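Throughout, read-outs are computed from the coordinates displayed, never taken from laboratory work. The model shown is predicted, which means the values in this text are computed figures rather than measured ones. Here the Cβ positions follow ideal geometry from the backbone for every residue, glycine too, while neighbour counts run over all protein chains shown.
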Amino acid sequence: MEAASSLRRSPADGDERPHLVEVWHAGDGRGRRRHPDSGSAAGGGRRGWPRRSAAARDAGRSASVRRGAVVAVGGALLVDLALWGARPGVFAELPTEFWVMALLALAVDARPYVVAGRRASSVILPSICFTFGIVFAWGFVPAVAVQLAAVALACVRMREPARRVLHLGLQHAVALAGAALVAAFAGLHFGAEPRWDDALLTVAAAAVWILGRYGTDAVISGRSAAARARRRIQRWGPELFATSALLLLGPVVLAAAQVGLVLVPLVLLALHAVHRMVRSTGECERASRVDALTGLPNRRALQTSVVEWGTGRGSRRPEWRPALFLLDLDRFRTVNDALGHTTGDRLLVEVARRLAAAVPAHDLVARLGGDEFAVLAKRVDGPASARRLAGHLAEAFVRPFALDGLLIDVSASIGIALQPDRGGDAAALLRQAEAAMYDAKERGDQVVVYARDAGPHPPDLALLADLRGAVQAEPGTDPAADGITLYYQPQIAIATGEIVGVEALLRWRHPARGMVGPEELLRVAEQTPVMRQLTSRVLREVIAQIAAWHAAGQPLRASVNVSVRDLHAADIAEEIDALLRRHGVPPDLLQLEITESALMADPHRVLNTITRLDRMGVAISLDDFGTGYSSLQHLRRLPLAEVKVDRSFVLGMATDRGDAAIVRSVTALADSLGLRVVAEGVEDERTWRLLAAVGCHAAQGWFHARPMPAPDLAEWLIRYRPLRPGRGAGALAVPAP
């Protein structure tokens with residue numbers, strides 16, 4: 001099947017959103033995208049994909065259609081006249097029933113059934129319902145004469161080229177010959193009272209018809225590999241069912257014609273039902289392979305194309321091999337956040353439009369999801385050629401995109417993976433392209449070609465995959481068996497030396513890399529769904545531990561760090577409430593720490609979440625205070641209970657007057673607003689005494705205790721004796737400003 005597509009606007013309901021529309025014809029059998037400004041290509045050139053003009057392409061297609069029509073009509077007339085001349089007696093003796101069925105066969109083939117997304121051999125001619133019955137009643141010669149005339153009419157209607165006309169005619173002639181042989185050898189002839197063995201022989205003849213048609217197609221097209229045949233049988237379920245239904249209707253139509261001709265047209269309703277079934281099947285299959293927003297093929301269609309190339313479909317030069325280009329838009333999230341998701345969707349449609357215009361019809365443009373697009377180029381002869389084509393794709397983003405009068409500049413990081421030989425794994429090729437794309441983003445390069453000696457995954461991807469596996473592992477008797485464990489660092493009231501709480505700190509011991517630091521964990525997981533799963537794991541363990549401490553008569557408030565992805569989750573408040581109720585933990589024993597950067601990512605959604613948590617009784621702490629922006633606004637608007645001074649200021653306050661002044665000012669400001677102040681990074685006695693002098697409420701750091709697992713913390717609590725800062729002559733003063 002040959003397919004052409006264009007960019008159009010949907011007329012329904014005034015919708016002006018552009019769509020990429022695929023129009024299916026019955027040419028060479030492959031669905032293709034086209035664009036009004038794009039042409040077909042002969043292959044990759046030194047400056048990208050060369051294209052013919054639209055006028056030249058249309059002229060060539062029109063000439064091919066005209067030749068096909070001449071061959072279809074002329075060939076059918078010549079063959080039918082030859083048959084009439086060779087067997088005039090056969091046609092002279094045909095009854096009225098034959099001519100009625102012949103006319104209906106021609107009429108129904110004016111609307112052949114085309115299974116969308118398949119090859120042209122998947123065209124189902126409803127005329128076979130009548131010609132299959134004719135071959136039983138009046139023999140092969142009248143049946144093939146009607147069938148060839150019907151094939152000619154259908155091919156003119158579908159605008160088939162001459163080659164396909166000859167193929168379809170030969171396939172149906174061979175199929176009818178096979179059915180006629182079965183009828184002749186078995187003595188099958190439907191009369192007024194058919195027998196049970198006639199029904200069984202009809203099924204056998206239908207099976208021979210199907211084998212004859214599709215076997216001829218396989219021989220003509222050169223697809224004889226057993227594995228390929230098995231795949232085609234699996235995909236052809238609805239097509240074979242529709243073909244079988246039409247064939248087995250043939251004897252029913254023949255019996256109806258023998259009873260009374262007025263009953264024969266009633267079969268048109270059954271044919272319409274088969275047509276609707278074929279059409280619905282094709283639409284469902286097409287919908288499963290097309291991206292709903294852009295109209296481009298989706299990930300499934302891309303994988304199918306890679307597999308089909310690997311099985312050797314289509315003509316190609318020996319040096320050609322496919323190259324997969326994976327494009328990820330840079331800073332697309334900024335567009336969504338600033339202009340809204342509706343504008344973001346329109347931008348994706350415009351990106352799809354430009355990519356479709358830049359890529360020729362023999363290659364494939366797909367949208368994988370989100371802001372990821374892929375291009376499968378099938379005529380690449382090496383990395384240098386792939387880089388030239390990637391440069392051609394990058395040119396599509398040179399001009400800004402105009403949306404509602406606003407010019408939006410968008411770029412893309414491109415990862416390239418080349419398949420070395422036939423039979424390659426589509427999933428592996430996609431993983432390699434993803435690895436190259438992430439490598440491009442990390443390096444700041446626009447284009448990176450996957451290097452096979454660089455390992456299967458970038459380090460971050462491998463670490464993220466291992467972390468996902470650890471988080472999703474089934475819990476056993478030992479919660480830390482997957483390497484994920486929690487450490488707790490005490491927070492000490494400076495004035496009294498009492499323990500006022502602990503902070504839960506995540507640790508992960510990788511089976512190969514050893515202990516992975518929290519900074520690296522956050523960098524790898526924060527922008528992925530793994531972060532949300534990790535936070536759920538931490539919340540479950542921390543709240544269970546708080547319940548254990550509470551039951552032992554030693555209630556401790558525990559602080560848990562949460563990310564912006566956690567705060568954007570609509571169900572985090574419900575999750576925490578359910579955990580607190582399940583373990584019987586008072587809400588004021590749990591505290592969540594958020595950063596200013598998390599607040600600024602989406603202030604309205606974050607404010608809504610933490611307000612709900614505050615109403616539940618869960619305290620909110622602002623972590624790393626002083627390192628973000630709009631800090632005073634946050635202190636005034638947010639339902640905070642605590643402010644944590646960043647360790648970068650605390651560590652330097654003993655030697656740097658500026659740091660000391662910042663700590664003193666933050667403490668005074670928070671105290672005036674009724675907030676607790678906790679200093680992080682307290683590592684020596686001098687800093688501890690300086691914090692006492694400025695009125696800081698609590699300290700956390702190695703001066704008091706290092707982070708430790710829960711069992712070690714229990715032993716430390718037994719040994720701990722409160723330490724109070726002195727106020728005598730030995731106390732140190734805060735450096736003067």
Assuming R0 = 51 Å, what is the FRET efficiency of Leu717 and Leu293, from their Cβ-Cβ distance, to the nearest 0.05? 0.35
Separation of the Ala107 and Leu94 label points, Cα + 7 Å toward Cβ, nm: 1.6
Around Glu593, which amide H atoms from residues at least 5 apart in sequence, or from another chain, sit under 5 Å from its own amide H, with H modelled in the peptide plane? Val560, Asn561, Val562, Ser621
Highest first, please rank the peptides 378-391, 555-568 by the mean number of other Cβ atoms sitting within 10 Å of their residues. 555-568, 378-391
Scalar couplings 3J(HN,Hα) for segment 536-545 by Karplus 6.51 cos²θ - 1.76 cosθ + 1.60 (θ = phi - 60°), nearest whole Hz, x for Gly and Pro, are 4, 4, 5, 4, 4, 6, 5, 5, 5, 5
Could you rank the peptides 718-724, 674-680, 545-551 by their average count of other C-beta atoms within 10 Å per residue, with the highest value first? 674-680, 545-551, 718-724
Could you tell me the calculated FRET efficiency between Leu522 and Ala204, based on Cβ-Cβ distance and R0 = 45 angstrom, to the nearest 0.05? 0.05
Work out from phi, with θ = phi - 60° and the Karplus expression 6.51 cos²θ - 1.76 cosθ + 1.60, the ³J(HN,Hα) of each residue of segment 340-349, listed in order in whole Hz, and give x for Gly and Pro. x, 6, 5, 5, x, 5, 5, 5, 4, 5
Sorted by average packing, counted as other Cβ atoms within 10 angstrom per residue and highest first, what order do 484-490, 175-181, 343-349, 332-338 take? 175-181, 484-490, 343-349, 332-338
So for the pair Ser665, Arg581, with labels modelled 7 Å out along Cα→Cβ, what separation do we get in nm? 4.6
Cut-off under 5 Å, modelled amide H: who pairs with Val502 long-range: Gln491, Arg557, Ala558, Ser559
